[in-house]
Each structure stands twice: as C-alpha cells, then as structure tokens.
1. Counting only other chains, what is the mean number of Cβ atoms within 10 angstrom of the Cβ of each residue in peptide B:201-211?
2. Under a cut-off of 16 Å between alpha-carbon atoms, report the lysines in cross-link reach of residue A:59, not counting same-chain residues fewer than 8 places apart.
3. Check residue A:239: other-chain or 5+ apart residues with amide H under 5 Å from its amide H, H built from backbone geometry?
4. If I take R0 = 45 Å and measure r between the Cβ atoms of residue A:162 and residue B:134 in this structure, what FRET efficiency does the formula 1/(1 + (r/R0)^6) give, to the nearest 0.05?
5. When the Cα atoms of chain A are enclosed in a convex hull and the volume is divided per residue, what value in Å³ results?
6. Kindly provide the pair-distance distribution of the protein assembly as shown built from C-alpha pairs, with 10 Å bins from 0 and whole-percent values in order of increasing distance.
7. Defining a contact as two alpha carbons under 8 Å apart and six or more residues distant in sequence, what relative contact order in percent does segment B:31-240 show?
8. Under 1.5 on a/c is rounded, so check that first for segment A:6-120, then, if it is not, pick prolate when a/b is larger than b/c and oblate when it is not; a ≥ b ≥ c are the square roots of the alpha carbon gyration tensor eigenvalues.
Amino acid sequence: MDNHCMAANAGGETGVREPILRMQGVRKTFAGFVAVRDLNLDVERGTIHALIGPNGAGKTTVFNLVTKFHQPTSGRITFNGQDITAKSPSDIARLGMVRSFQISAVFASMSALDNVRVALQRFRGDNFAFWKSDRTLRSLDDRARELLADVGLDDARDRKAAELPYGRRRALELATTLALDPELLLLDEPMAGMGHEDVDRTSALIRRVAKDRTVLMVEHNLSVVADLSDRITVLARGEILSEGTYAQVSKDPAVIEAYVGTDHD
Amino acid sequence: MKDARASFDPVTLAAIAAAAVLLVGAPFVFYPLFLTKVLCYALFACAFNLLLGSCGLLSFGHAAYFGTAAYVAGHAAKVWGLPFEACLALGVMASAALGAVFGYISIRRQGIYFAMITLALAQMIYFLALQLPFTGAEDGLTAIPRGKVLGLFSLDDPLVLYFTTLCLFVGALMLIHRITHSTFGQILRAIRDNEPRAISLGFEANRFKLQAFVLSAALVGLAGANKAIAFKLATLTDVHWSTSGSVILMTLLGGLGTLLGPFVGALVVVTLENYLADSGLPIQAVIGGIFILCILLFRRGIVGEAQGWVETLRRRRAG
C-alpha cells in the first residue's frame, strides 16, 4: 500500500518534487581552513547537474562530502529524503549513489571483465565465501560483457586494466560504476586527460546513461558542460558563486570575474 | 574456445608434479626433521603471504600468532595430554582469536602505521610469553610429547612426522589457493588494487580485510602448532620480532603474491641457517647480503622472476 502511494507520487508530476540530493548548510574545515562554507545545494531528479569553478574551489571536497569520504564539520545531507550525514561511504553506494574518481580508478591487476564483474558481485550474498570458487562468478560474465560493450570496450575484455590507454581506463571506470545501476551518478572530471574522440564518445555515453538517472559531475571542459548540463553550480572558495543554466551563469559578472580575473582596469 | 581463466596451465601443472615428486622423495635423501622444519616455516610464510600478497597488508607481528599457537599446542600436549589433532586445533583457534582482536585494532590504519601497530601488539604477546607462568619464560616449553597421528602412527618416527607435516602443508596450500581464487578473493584483490574505489562500489573494505587477517593468523597458527609438536619445543624465539622479520624476508625472497614463492624463500632461509650454523660465518649478515642481492637483481623474488621469464617466453612464442 505504502509502495503504491510512493510510486503514484513519483509518477505524477504534480506537487513539489523533492530533490534527489540536498545539502543544507554543509561546512568542511581542514585544520582551520574552510574548504566548503555553509553550502546549500539541491540536485533535481533526472537532471545532469554540473559543478564548476576554478582550482581549489572545493568541487572535489563537495564530492567527498556527499559520498562520505569526508565527514562534514557541520550541516546536513539528504539523499532521496533520507538523512545520510552519518552514513559510511560503502553505505552510500548501497543506497544508490556511486562516484567515479578524478584519477582514473580501476583495479589495475584485474582484466577489464573482472573489473566490471567485481562490481556486479555487490548484488550477491557470497562475498565472504572464501571456500567458494570464483568460477561461480561466470554467471555474471554476460552482464559484464554487455556493460563493457556499452562503453565500447568489448574488444578489451581480457586485457589487464593497467595495460589500457588512459581514455579507455576512464571508460572502464564508467562501466564499473554503471554496473551498480546507481540512481545518482557522481562523476569527478570524467573527461580529464582525454583526447578529442574520447571526449565525444564519453559525452554521448553520459547523455545516454543520464536518461533514466541523475548525474552530478565536476568538469573543467566548459564546452562539455555547456553541451551536457541542465543546471550548473559555480563554486569559488568553497561558496556558491552562481547557479542556473549555462546561458545564465555564463553571463553572470561574478563568474566571469572568477574565471577571467579582474584585469578589466 | 580456449579458456583463459583456467587456474592451471601445463607449465604450472608440470611444476606442481615436479614439486610433488621432490617432496615425497626428499626425506629419503635429506634429513626428515630438517625438511619438517622447512615445511613449517614455508607454511608460516605462505600464510603471511596470504595477507601481504592478496591484501597488500604488511604485518610486522606475525610471530605473535605463530608463537601463541606454539605455546597453546605445546601446553595442550604436555600438560593436558591431548591428542595431536586436538593440539593443532586448539593452536589454530587461539591464533585465529588473537588475529581477530589484533586485526580489528590494526586494519583501521594503513601502510607503515598498520605495520607498527601489528608490531606493537606482537611485542605485547612477547611480554606475556616472558611473564606468564605456563610458557616457561626463558626456558620455554620443552619436551612436548609428539603423540600419535590419528591415534595410530607415532610421530616420533621422523618419516611419519614429515609426511604428516607434508599433508598439513599441502592441505593448507590448497586452502590458500582456494581463498585467493574465491568470490571473496576477487573482492580482496579489488581492495588491494584500489581500496577507495572498492569502498565507493559499496564494499566495506575493513570487514574483508579483517576476514583475510583472521584466515592468515589461523593458518600461521597451524604452522606454529605443528612446529611446536614436531620439535617438542615452544620458546620465546617463536614470538620474537625477529621471527616476524624473517617471515617477511622469506616471502620477499621467494616472490610476493606467488603461491610457491614463500615456500622457496623459506627453503632458502632455513637451509642457509641450518648449514651456516656450523660454518662460523655470521648467518644474519650472509642472509642480509643475499637479500640485498635479491632486491638488486630480481626484485620480484625467485619465483616471481621465474614466472616473469616463462611469461616472456610464452609471449615471444605467441609472437
């Protein structure tokens, strides 16, 4: 009965839609240095939301706070209306929020297939079964192959992740993240260090996977941001400088100043 | 279709067959008690390697589990008069329990901090071994009766002792192989490769590491208990930090993260210790020198380097 009501609410577009992720007055200090200052941020369900800003603006810190790799000094974070301020990073993943990392995070000594498969193991109950052969995991291979094919890695299945070129490692990381079928996908500079073709391919992929989920991403490549995002938050010195669509924030004088500098005199 | 994921290829199978022949034939050529010692330390090193090789955790206090099991098994045999199998089981349980407590405390830290905490905890065990009445302090536990295996064959026969130890060793090795190639082992490997990433996928890394720690401690306990019974002796050396150091040396010398590397490393170190003991040469200095050579010339250890060559040859043949 309860489920039915919730489904009806989520399905109907009437009423105020609750943001999938909400940060309220979140502050993080490192030994006196305020990295994030009383941040209020809402990420709407079903959007691609970009977080931009100059170096040291606190973008990655925000990511670490949301995914609980850092504990906020004060403030409150909710995901799907649930308070997650006191949760652990692995709890966060199980709730349906999965992140990628700025430096490509793959399991270097494992094959591309095994990288994706280990993520799929999350849905199994035998992860502590040290007596159970890993051959039983072959039942996950088909799904893992599909995920690899999705990011254009079907030809690299049996290659070690460490041997893959950088762009393809990032694609592998994305496939691993998508294996968990997260509701909210957090991408930390998904295009960093990528060549031109890889950027286009990854953009297309992000757009495709964002169809039925929410994406929050940090990205430096502004044309990618302009192209992909529904909403943009500009951070500077741990505070929100501006928020809105690309058209809105790109005209904001404060943003221009932060990016170009104050050499108008 | 060729199965790339099969655990054993022909070369490995040949190596295993050769090792089997050597291990069965060895006691008829060499002194069985010496070989028993090699096997005990080899098992110790293999169990240590389970933690370092597949988990990336460098424990500097594994002598604590080795020595605790030795004392417990020795006490069970000598004072309680329990049969051989029960003594081993008690030794294993004692070190597993100790591993659970020490592991719980230490795995929260990484790298050098982890190593230092394990060392500090192991030093506490050393202190206890020195002070507690049942350990015999500096004299240790001596004249531990060996008893009979399965209640039938007297372990005072060196060949029975050797083959019993060999069976335990092979069984433990198979278990280690299974652990590293299990559903659990896959996640352990992911955590070793990239812990934050594994956590971000929803795996509670510390729980996996703790289980690996306990398994390692339990298998080390088997080695320690077996050694105490085989040599009728449990002493402070078993819990001393230098024993923790020498098991690290064996593992690195033989080849970190390989199944047989620690065995080869233990063979080299125990053999050197044994044969240099009468030569008047400073043993530690010689072993240190060999270790330095090993670091300079074959960084992956003896077995690791050999596997590298086989791999290169195979690639060349494949074009």
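1. Across B:201-211, the average partner-chain Cβ count within 10 Å equals 6.
2. In chain and number order, the partners are A:28, A:68.
3. Result for residue A:239 returns A:37.
4. Working: r = 51 Å, r/R0 = 1.13.
With a Förster radius of 45 Å, E is 0.35.
5. Working: hull volume 44.0 nm³, N = 265.
Dividing the Cα hull volume of chain A by its residues yields 166 Å³.
6. P(r) over the protein assembly as shown, rounded to whole percents: 3, 15, 22, 21, 16, 12, 8, 3, 1, 0.
7. Details: 349 pairs, mean separation 94.5, N = 210.
Normalised by residue count, the contact order of segment B:31-240 is 45 percent.
8. On the way: a/c = 1.84, a/b = 1.07, b/c = 1.72.
Oblate, because a/c is 1.5 or more while a/b does not exceed b/c.
Just so you know, all these numbers are worked out from the coordinates, no wet-lab data involved. All figures in this text were calculated on a predicted structure; none of them were measured in a lab. When we count neighbours, we look across all protein chains shown, and the Cβ atoms used for this are built from the backbone with ideal geometry, even at glycine.
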